[in-house]
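Just so it is clear, none of the values below were taken in a lab; they were calculated from the coordinates. Bear in mind the structure is a predicted one, so any value in this text is a computation, not a measurement. As a convention, Cβ positions derive from the backbone with ideal geometry for all residues, glycine included, and neighbour counts pool all protein chains shown.
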């Protein structure tokens, strides 16, 4: 395992240097999105305003307040990624290089991440206070009618730590941990 400090946008070379269990912090920009955003993008086929090539997308619907015409962060926590698993291929097709959230993605997404040279970066649940502090500014927001599930552009500094939960080589820490736990249970039953 290694520690990496990444700067967005991510390239294939950077992504391919990451392996399951590596620890990552991010500087640059992260795009926040959630169910309603993804439904608009992929089910309703509405064009995505920003270029997501090399992007990191965070599964979130932040708490914000409007202050002097700008959105200011109140609480930016992450949400469970498996619920949005069906949109993984669409995001990767837009050039996204990393998806982050909590709980991992389903097994079919492991193959998609491998095919697109992308990774899943896991966050620990309950760390919204830290995440919020690591977001320096909300730079842009699209589709205000979806509030709070808009598409957000956050400028971040030392965002993390994130754990490489699924790498671009097809390793999936979530599945490996599950298999190890099942082997322990099976051994205990003997």
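The table for this structure:
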| quantity | calculated |
| --- | --- |
| Sorted by Cβ density within 10 Å, fewest first, the residues 22, 12 | 12, 22 |
| Relative contact order %, the chain, counting alpha carbon pairs below 8 Å whose residues are six or more apart | 28 |
| For the stretch 3-189, average projected area of the Cα convex hull in nm² | 10.9 |
| Protection proxy ranking of 176-188, 117-129 - average other beta-carbon atoms within 10 Å, highest first | 117-129, 176-188 |
| Inverse of mean 1/r across different Cα pairs in the stretch 1-97, Kirkwood, Å | 15.0 |
| Cα-based helix-to-principal-axis angle, 173-189 vs the chain, degrees rounded to 10 | 40 |
| Sites residue 2 and residue 176 - FRET efficiency at Förster radius 25 Å, r taken between beta-carbons, to 0.05 | 0.90 |
| Rounded if a/c under 1.5, otherwise prolate or oblate - the stretch 87-171, Cα gyration tensor axes | oblate |
